[in-house]
Structures are given as C-alpha cells and as structure tokens.
1. From the list L297, L292, L258, pick out the single residue that is closer than 16 Å to L85 by Cα, touching a strand residue (DSSP E or B) at 6+ places or on another chain (Cβ under 9 Å) and touching a residue at least 24 places away in the same chain (Cβ under 8 Å).
2. Of the residues that sit in segment 277-300 and are surrounded by 23 or more Cβ atoms within 10 Å (Cβ to Cβ) and small (G, A, S), which one is farthest from N265 (Cα to Cα)?
3. Given the conditions (1) in contact with a His (Cβ under 8 Å, 6 or more places away or on another chain); (2) surrounded by 17 or more Cβ atoms within 10 Å (Cβ to Cβ), report the number of the one that K113 does not fulfil.
4. Please work out which one of (1) under 30 Å from H269 (Cβ atoms); (2) surrounded by fewer than 18 Cβ atoms within 10 Å (Cβ to Cβ); (3) at pLDDT 90 or above; (4) not small (G, A, S) is the condition P108 fails and give its number.
5. Within segment 130-142, does at least one residue satisfy the condition of being within 30 Å of G321 (Cβ to Cβ), crowded, with 19+ Cβ neighbours inside 10 Å and not β-branched (V, I, T)?
6. What's the total number of residues in segment 124-141 that are in a loop (DSSP other than H, G, I, E, B) and of a type in the set (G, A, S)?
7. Only residues that are surrounded by fewer than 21 Cβ atoms within 10 Å (Cβ to Cβ) and at pLDDT 95 or above: list them for segment 66-76, please.
8. If you take the residues in segment 149-169 that are assigned to a helix (DSSP H, G or I) and of a type in the set (A, V, I, L, M), which one is modelled with the lowest pLDDT?
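The values are calculated or read from the model by the stated rules, or taken from the named source; none is laboratory data. Fair warning: this is a prediction, and the values are worked out from it, not measured in the lab. Using ideal geometry, Cβ is built from the backbone for each residue, glycine included, and neighbour counts are taken over all protein chains shown.
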Amino acid sequence: MQRPNKKLPFTEQLKTVLKNLEIEQLNEMQLAMLESDDTGKDIVLRSPTGTGKTLAFLLPILKHLEPENREVQAVVLAPTRELALQIESVVKSMKIPYKVNCCYGGHPVRIEKRNLSQPPAILIATPGRLADHIHRQNIALRQAKMLVLDEFDKSLEIGFQDDMVDIIRAMPNIQKRVLTSATEAIDIPKFAGVRNPIKLSFAKPKVAENKLAIKVVKSPEKDKLNTLYKLICNVEPSAAMLVFCNYRETVDRVSEFLKDKGIFNDIFHGGLEQIDREKTLSKFRNGSYNILVTTDLAARGLDIPSIKYVVHYHLANKADGFTHRNGRTARMHADGTVLLLMHEEEYFPDYIEEEPEEFVLEELPTPSAPEWQTFWFGKGKKDKISKMDIVGFLAKKGQLKKDEIGLIEVKDFYAYAAVKRAKMDSLLKRVQNEKIKGKKAKMGIAK
C-alpha cells in the first residue's frame, strides 16, 4: 500500500476513518484517549471487551504516523491470535494509507518474513511470534516510537513476559506507551517502562449490569453431562451460548457427549490449529452452531456475536476469570443469563457472595438443528475473491435467493458463507463442477 506524500490534518483523517467504519461519532472512552494523548504521557486504559477499546488506542497511533518514515512506527502486542487478527481487521476497515502487518503463531513464518521485508507502519503481533522474528533478524524496531500492550494482563497470564521484555529491548526509541486491560487493580509490569501514566477506567455500563441474571442449575450427578444436555433443551434454542470448561480435555469430552445427544456444537481451545480456530469462530458467528464449548480462551478478545447464555460447566478458579466469562453476555443494550452448573456437594467460591436463584429444569425435547450451515471455498482475498463474488456465485450458479445466503467471511486463502441448511444439498449438486470468477476452486461443506 502506498503511503501518502504528505500528512493530512488529523481532523480530516478522523472524518475519513469514521466514515469508513460507518461510525457517526466517537464514544466517551475514545474521546478521552485522544485527549490524554495530547498530554504526551503514557496511558493505562481499563475497559471491558466490546466497548470500542481497539479504535480507542488505534486513533492516537494514526495521529502520529509519518508518511515519510519507511520503518515500523507502531507496535501493537496482543495475547492471542484471534485478538491480533481482530485488531488488524479494524485497522484495515479504517482504510488508512499505511501498510499494516499481523504476525502470529500458526501462520507460516516464511510468508510473514516476506511481508516484513518492506516494514509496515503498524505491526500487530502476538509476543511469541514477534520475539521470534526479532531473534531471526526479520524485522528491526529501532525507529518504532509507539507501543501498545493490549490486554497486557492476559499476555502475562499466558507466560509472554520474557518475549515482551525482548521486544521492548529491541525498541530503544519508544515515546508513547499504551497498556490496556479489562481487569481492575492489575499491577503494571516494570519492564513496560511506564512512568506516571494517565489512568483511564471505563467500567461496564450499569444498564448492562442490571440486565445480567445469574442462576444456578443443580446437578444430581458429579459428572454434569446429562444436566448440561437438559439445560440446553430448556433454553431458547436459537440463542448463542458459551459453555466454559477449565480444561481442554473436558471441552472435547463435553462436545462429543452433546453431539451424541443430537446437539449441534463446536469446540474452541488453544490445542486447535489456527485454521481450525478461525473456522470455528466463523461457523459460530454465522449461526451454523449456536453452542460453543470452550476454555477461557473465549472469555475475552474475540470477535464473536452477542451471547445470550454463558454456562459455567466448571466455575472459574478466580474472580476475574468469572467476570471475564460473564462479560460475554448482557453487552451493550442486550440482556443475558449466566448459568452455574453445581453438584450438591460443591461449594460456591468466595467471589460469589450470595447463592443465586435456582433455574429448574423440565423434561423437554432436543432442539432442532440450526437453520444455517457453512459452505467453504478454497479461494480467498489473495485470489482476488470478494464477498460480492461469492454472493453472485451462490445466487447465479447455486440458484439461492437473497434470504438463503447469510454471513460471508473472506480470508486470505479461503472463504466461508452461511447457507440455509435446507438448501445445502441442492447447492452442492448445482456447483460441483462450477468455477468462481473464472477460477477452479475446491468447495463444499465446511467440516
């Protein structure tokens, strides 16, 4: 991407960015970030997921980018691949005339090395992968003046401290540091080099807190699988649900049990390959699955739909984990329900001060399959395939009506499209030998 020959006034840049993002005006937090940036001080921002935090720290970066600088100017570190990709998506949606790259584990190093041969203005990365590139001398950060540690507490929790130390050592000219967290009362790590920062705190709006209901579901068995199945039969069948477990092995076991019971669901945890994690999230977003069985990896930093139900198959070990899980529901102006699965011999942890109201289960039938199913294309952005290309293909070659095509997501090398489940068989027959945009492509149901 070509950088501008000269720097435009920030007010003009901001108007263009907001138009591209289809945002009418900045919220209170985003305005506070810009105002704090004018002081020249470091900033520590505490704000829950889903409040526009990403745009809040990206705007000060945009304000200071220099068109003539051909080195990395800003580094944004995120604890997970999904969060890094989400930040990249926001930057690209801003349509700014500066190069941006995203580096993360599970993505080929050789491709990233090639992309980094022409340094981006903004480099987004997970700490482990960026530290690896630095050690391989694939990128130099000596000229970078801006550093963002997004959800820095999560990075520390995962064990990225040594990597972050190495990265910061490779950035001797940092002039602005921004640290974000969704958790209160987290100590700022000394290695970050933050001195006398401005501290901004934006808690979840009271209107959302008031719409969060917490209830307990009592299980007659220590193994709560049958109770979870009955619970799913008792709630709104098309509503999105997250089922949190403390261990990957439990996630796998719970998911398989539910599938055997005829419950459509998918899994999400750190043991999955990156391509499978992206596929899972796409299918969850487009409604092919309404239930996601997961570890705390899905508690924050993911671009997923509004969640109606949060189920604690296991209770979180700590209060902040409990809070982050629950923060996935009752967001913005929506209401939500948190359901705690408890055996009679289990005790509520100290962070639950009052025993919640009981959610009594009835004997109800298994819910039907979701109305959507995911169709996969083996071509993507790198093959010049767009959302409109896919819509045209499904409508013309697949003979689908507008309301039979759902959410479409185009990745670099592949794409996903939601299609009404009832139309999938006929679609497969119609397109089995067809080309998309004149190109042969593998396609079929996303498994």
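1. After applying the criteria, what remains is L297.
2. This residue is A299.
3. For K113, the failing item is (2).
4. So the condition that P108 fails would be (3).
5. Yes; the residues of segment 130-142 include at least one that is within 30 Å of G321 (Cβ to Cβ), crowded, with 19+ Cβ neighbours inside 10 Å and not β-branched (V, I, T).
6. Counting residues in segment 124-141 that are in a loop (DSSP other than H, G, I, E, B) and of a type in the set (G, A, S) gives 1.
7. E71, the sole residue that qualifies.
8. Within segment 149-169, the match that is modelled with the lowest pLDDT is I158.
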